[in-house]
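Since the structure comes first, as structure tokens, the remarks are kept for the end.
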Amino acid sequence: MYQFLFVLLSISLISAQQFFDSPCPDRPVQQDFDLTKYISHKWYEVYRYNAMFQKGCECSRATYTLNTDNTVKVHNCCKKPEGNECAIGKAIVSFPEHLPLEGKLNVAFNDQPITKSNYWVLSTDYEKYSVVYTCGNIPGNKSIQFAWILSATPQLDESVSAHVNELIDKYFDRSALIVVNQSESFCEPRD
Ligand SMILES: *[C@@H]1O[C@H](CO)[C@@H](O)[C@H](O)[C@H]1NC(C)=O
Ligand SMILES: *[C@@H]1O[C@H](CO)[C@@H](O)[C@H](O)[C@H]1NC(C)=O
């Protein structure tokens, strides 16, 4: 996690990141995590904390597919002012020996080492929503936090919005969440 943060920190001086004046809080993650169900469809990002690597991203969506070696191929795309942009990455379950699995994954892009547990599924119903989070402590009793509220459809299904709102109020600073534009007219064609 530290190596990951140093990279982020060196760039964060010039871009927005979500810093908190407190150390990483304890967050429970999804138990009995079912990776196959989780990656069975695309996920659309409806809210997120500022993250420099997503600067200017709207219409963000993630496609996860199983590689032959049982790692997960991550295909993240978003619309930037310059056009659609995609990033290819790889994910693995962080603690495969911990059974039943918990919702912790390591994700890395651009062939970076895939050694950090940095994609924590706090809660998902697999079919409609997923609440994803990660946090790293930084010197001075502070932390840098990442949050992604994902939906199986471009707009969050109304049947889960109350529950997702509860999770947001429980785990996140709502005022710091960015609303991601997923409107059809703005985002299509999404490829
Ligand atoms: C670190 O931050 C927490 C939460 O804000 C606070 O309770 C704690 O006293 C702080 N510790 C130090 C050493 O400042
Ligand atoms: C999405 O962006 C378009 C183009 O800037 C804007 O017209 C539209 O109102 C936005 N929709 C939402 C839901 O923010």
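Here, each number is a calculation from the coordinates, and none is a lab measurement. Worth saying up front: this structure is predicted, and the values here are computed from it rather than measured. So basically every Cβ, Gly included, is an ideal-geometry build from the backbone, and we count neighbours across all protein chains shown.
Size descriptors for the stretch 15-180, from the alpha-carbon set: Rg then Dmax equal 15.3, 44 Å.
Shown in residue order for the stretch 125-132 are the 3J(HN,Hα) couplings computed by the Karplus curve 6.51 cos²θ - 1.76 cosθ + 1.60 at θ = phi - 60°: 9, 6, 9, 10, 9, 8, 10, 10 Hz (x for Gly and Pro). When both the stretch 131-191 and the stretch 58-100 are represented by their alpha-carbon centers, they are found 16 Å apart.
For the stretch 83-191, rounded, prolate or oblate, judged on the Cα gyration tensor with a ≥ b ≥ c (square roots of eigenvalues), a/c < 1.5 rounded, else prolate if a/b > b/c? Verdict is rounded for the stretch 83-191.
When the chain is treated as a Gaussian network with alpha carbon springs shorter than 10 Å, the biggest mean-square fluctuation among PRO154, PRO139, PRO81 belongs to PRO139.
A simple rule links phi to the HN-Hα coupling: the Karplus curve 6.51 cos²θ - 1.76 cosθ + 1.60 with θ = phi - 60°, which for the stretch 52-61 gives 4, 6, 10, 4, x, 7, 10, 6, 5, 8 Hz, with x for Gly and Pro. For PHE186 and LEU99, the difference between the fully extended length at 0.36 nm per residue and the C-alpha to C-alpha distance is 27.1 nm.
In order along the stretch 146-159, the phi-based Karplus estimate (6.51 cos²θ - 1.76 cosθ + 1.60, θ = phi - 60°) of 3J(HN,Hα) comes to 10, 9, 9, 9, 10, 9, 6, 10, x, 10, 4, 4, 4, 5 Hz; Gly and Pro are listed as x. Computed over the stretch 99-149, the quotient of the alpha carbon radius of gyration and 2.2 N^0.38 Å is 1.31.
Dipole magnitude of the stretch 15-150 about its Cα centre, charges +1 at Lys/Arg Cβ and -1 at Asp/Glu Cβ only, in debye to the nearest 20? Display every interim value, and only then the final one.
Values: 14 positive and 14 negative charges, 66 e Å.
Computed about the Cα centre, the dipole is about 320 debye.
Fewest to most neighbouring Cβ within 10 Å: what's the order for ILE88, ILE138?
ILE88, ILE138
Amide H contacts for TYR47 (H built 1.01 Å from N in the peptide plane; partners 5 or more residues away or on another chain; cut-off under 5 Å): ILE149, VAL180.
A straight chain from ASN137 to LYS37 at 0.36 nm per residue would run longer than the Cα-Cα distance by 32.9 nm. The H on the amide N of PHE33, modeled in the peptide plane, is under 5 Å from the matching H of LEU101, GLU102, GLY103, each at least 5 residues off or on a different chain. Highest mobility in the GNM of the chain, judged by mean-square fluctuation with C-alpha springs under 10 Å and restricted to GLY136, GLY56, GLY83, is found for GLY83.
With a Cα cut-off of under 13 Å and a minimum spacing of 8 residues unless on different chains, the lysine pairs in the chain number 8.
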